[in-house]
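To start, the structure itself, in structure tokens.
Values quoted throughout were computed directly from the atomic coordinates according to the rules given, and no laboratory measurement underlies them. Nothing here was measured: the structure is a model prediction, and the numbers come from that model. FYI the Cβ positions are ideal-geometry reconstructions off the backbone, even for glycines, and counts take in every protein chain you see.
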Amino acid sequence: MFTKSSASAFSSGVPVVALRGVGKIFANGIVALERLDLDVRPGELVSLLGPSGCGKSTALRIIAGLSEPSNGEIEWSQAAEIANPRRLGFVFQEPTLMPWATVAANVRLPLKLAGLDITADARVAAALARVGLSGFADSYPRELSGGMKMRTAIARALVTEPQLLLMDEPFAALDEITRFRLNNDLLSLWQSLRKTVVFVTHSVFESVYLSQRVIVMTRRPGRVFAELAIDAPYPRDERFRTSADYAGYCRLVSEALAGAMLAGEGA
Amino acid sequence: MNEARPNGERRPRSDRRLRVLLPIAVLALGVVLWDAVVRVYAIPPYVLPGPLLVLSTLVSDWSVLSASLLVTLTTTLEGFALAVVGGVGLAVLFNQSRLIEYSLYPYAVILQVTPVVAIAPLLLIYLPQQGAVLACAWIVAFFPVLANTTLGLNSVDHNLADLFRLYGATRVQVLWELKLPAALPYILGGLKIAGGLSLIGAVVAEIAAGSAGAGSGLAYRIAESGYRLNIPRMFAALLLLSIAGIVIFFALSYLSHLLLRRWHESAIVREV
């Protein structure tokens, strides 16, 4: 009931990246993904939601080129430009910072690896300012709180000005207060920068709060079970989080997730 | 978001003072006891010299002993430097090429597990004396550097490795920007062990060599003094060796502290 009706609202626009019948079988025989079809449309904020082990992170890694699909295809629009690794930002579940380098040096890393050192200072400063860490350029990661480490990771992902930002449960390890705050910061970044964001999460509430579109996945094998549009307008803030609309969407998504769990167990 | 912890936390001052004062107090107590035993039982100096006699021998024999100290220290430092270059170099090589690792690693282990005392006489046959002594210092010291560096290079955070791959890092960039910094705490741990071991290797080889001459190190002085029943000089030479070992250890600990103090858990003291 969820699948096709709401997806039509987004059918306009050529996908930035599309997965076509993508499957992934690990060496130990586990089928992580099977015939996964997924369109990521320009400028959208889309969430992949599913229980742990449903292959949503695997799908993200395949998009990032960190993992090869066992079968199926990945289609990029303007292939050469966006498939270029520097056009892609990735935020891991852990901040994944180099502990021996300062915040500024961590953010600078993608530019350094690309040999873009000349313009780096200004870009690093701009990226740090965007996430509100200007005063911490010379701090070391271990001197920062969990939320600040994650902001640093986001600044690093943004410093190359990627078209596509891939986020793999970035706020899952944070406390609720910090997570809400970073949710809001991510939304305002997304609205001002207009990047395409693919956000992996196992939280119904987070997916509804952030995204325009929630894709619910089944587990083992990972496949799209339902696709729901969250038609609430942006900017979204605490008022939306406490609204009846929000609660209604959360219930719909929860039901879809429950269905996905059943379908996964049946398979 | 101002949950940042202040950096440069230190142990409370009284605790630091105790860490210095207590060992000194133990040392003083030991020396006093030693002196008392020698006096009370009237032990002759050729059996056990008192601490004052050892000190006065150190001063009176300084010209001989300092020359020997220099010889031993030079061998130790050369052996140590070669061990660092060889250990880190081999570890990097092993890390870059499985085939080289499989081919050579067993021999590195064999070199390590064969007692250096047993190898030294052989080396003395095939190498000039100074070369043989240096080789012994190197053999003993290089393995901990190799083993620790190998462990460090393989301990890179998988996500960070993925990140480097995502941004198209070259092999050299991965090695230089990721693997070596990640391995640094392990390498420094290896150096701390290797510093002491290269001194041991040099001493063992000198004793095995046992030949006289101007180029003789402290260990040779100890052996020679033993034959001549010059026990105070034996003690004085031993004292110098211990001090040399302590200085090497503290120098390497300080180097480690300087390099790690801003970021590594081992160098940072948490406030409880």
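By count of other Cβ within 10 Å, fewest leading, how are A:LEU38, B:LEU175 ordered?
In order of increasing Cβ crowding within 10 Å: B:LEU175, A:LEU38.
Using only the Cα atoms, work out Rg/Rh for the protein assembly as shown, with Rh taken as the Kirkwood radius, to two decimals.
Radius of gyration over Kirkwood radius for the protein assembly as shown works out to 1.15.
DSSP loop (so not H, G, I, E, B), at most 15 other Cβ within 10 Å: list which trypsin sites (Lys or Arg not before Pro) in region A:192-225 pass both filters.
In loop regions of region A:192-225 (DSSP not H, G, I, E or B), the sparsely surrounded trypsin sites (Lys or Arg not before Pro) are A:ARG194.
With the contact rule set at Cα under 8 Å and sequence spacing of 6 or more, what percent relative contact order holds for region A:95-193?
33
Tabulate in residue order the Karplus-calculated ³J(HN,Hα) for region A:133-142, using 6.51 cos²θ - 1.76 cosθ + 1.60 with θ = phi - 60°, rounded to whole Hz; enter x for Gly and Pro.
The phi angles translate into 10, 3, x, 10, 4, 9, 6, 9, x, 5 Hz.
When DSSP assigns beta bridges and you keep just the ones with both residues in the protein assembly as shown, what percent turn out antiparallel, to the nearest 5?
For the protein assembly as shown, the DSSP antiparallel bridge percentage is about 45.
Under Stokes-Einstein, with the Kirkwood radius over Cα pairs standing in for Rh, what whole-number D in µm²/s applies to region B:136-179 at 25 °C and 0.890 mPa s?
Translational D for this selection: 207 µm²/s.
Using just the C-alpha positions of chain A as equal point scatterers, what log10 of I(q)/I(0) does the Debye formula give at each q in 0.09 1/Å?
-0.40
Apply 1/(1 + (r/R0)^6) to the Cβ-Cβ distance of B:SER14 and A:ARG181, taking R0 = 35 Å, and write down the FRET efficiency to the nearest 0.05.
The formula returns an efficiency of 0.30 here.
Which whole number in µm²/s is D for region B:63-174 by Stokes-Einstein, with the Kirkwood Rh taken over Cα pairs at 4 °C and 1.567 mPa s?
In µm²/s, the coefficient rounds to 80.
Could you run the Karplus curve 6.51 cos²θ - 1.76 cosθ + 1.60 with θ = phi - 60° over region A:174-184 and give me ³J(HN,Hα) per residue in whole Hz, x for Gly and Pro?
Couplings: 9, 6, 4, 4, 5, 5, 4, 5, 5, 4, 4 Hz.
Considering amide H positions built from the backbone, and no H for Pro or chain starts, which residues 5 or more places from A:ARG41, or on another chain, come under 5 Å of its amide H?
HN-HN under 5 Å from A:ARG41: A:VAL16.
Which helices, taking whole DSSP H runs in chain B, have alpha carbons extending 24 angstrom or more along the helix axis plus mean Kyte-Doolittle at least -0.5?
B:13-40, B:62-96, B:129-153, B:180-209, B:231-260
Can you give the FRET efficiency for A:GLU238 and A:GLU73, using 1/(1 + (r/R0)^6), R0 = 60 Å, r = Cβ-Cβ distance, to the nearest 0.05?
About 0.90, to the nearest 0.05.
In this model, which of A:LYS56/A:LYS195; A:LYS195/B:LYS179; A:LYS112/B:LYS192 are farther than 27 Å apart at the alpha-carbon?
A:LYS195/B:LYS179; A:LYS112/B:LYS192
Using square roots of five times the C-alpha gyration tensor eigenvalues, list the equivalent-ellipsoid semi-axes of chain B in whole Å, biggest first.
41, 29, 12
Scale the Cα Rg of region B:42-90 by the rule-of-thumb value 2.2 N^0.38 Å and send over the ratio, two decimals.
1.82
Taking chain A as the reference, fit the longest principal axis to its C-alpha atoms, fit the long axis of helix A:103-113 to the helix C-alpha atoms, and give the angle between the two in degrees, 0 to 90, nearest 10.
So the helix axis and the longest Cα principal axis differ by about 80 degrees.
Give me the net charge for the shell around B:ALA137: Cβ to Cβ below 14 angstrom, other residues only, Lys and Arg +1, Asp and Glu -1.
Summing Lys/Arg as +1 and Asp/Glu as -1 gives -2.
Each label point is 7 Å from the Cα along the Cα-to-Cβ direction; what then is the distance between the points at B:LEU33 and A:GLU255, in nm?
8.2
Quote the FRET efficiency, to the nearest 0.05, computed for B:TYR126 versus B:ARG171 with a Förster distance R0 of 51 Å and r equal to the Cβ-Cβ distance.
Result of the calculation: an efficiency of 0.85.
Pairs of Cα atoms under 8 Å, at least six residues apart: use those to get the relative contact order of chain A, whole percent.
Relative contact order here is 27 percent.
Which cross-chain or sequence-distant (5 or more) residues have an amide H under 5 Å from the amide H of A:ARG219, H modelled 1.01 Å from N in plane?
For A:ARG219, the qualifying residues are A:GLY264.
Using the Cα centre as the reference, give the magnitude of the dipole from point charges on the C-beta atoms of the protein assembly as shown (Lys, Arg: +1; Asp, Glu: -1; all else neutral), rounded to the nearest 20 debye.
That gives a dipole near 560 debye.
Expressed as a rounded percentage, what relative contact order does region B:56-202 have, with Cα pairs under 8 Å and six or more residues apart?
Normalised by residue count, the contact order of region B:56-202 is 36 percent.
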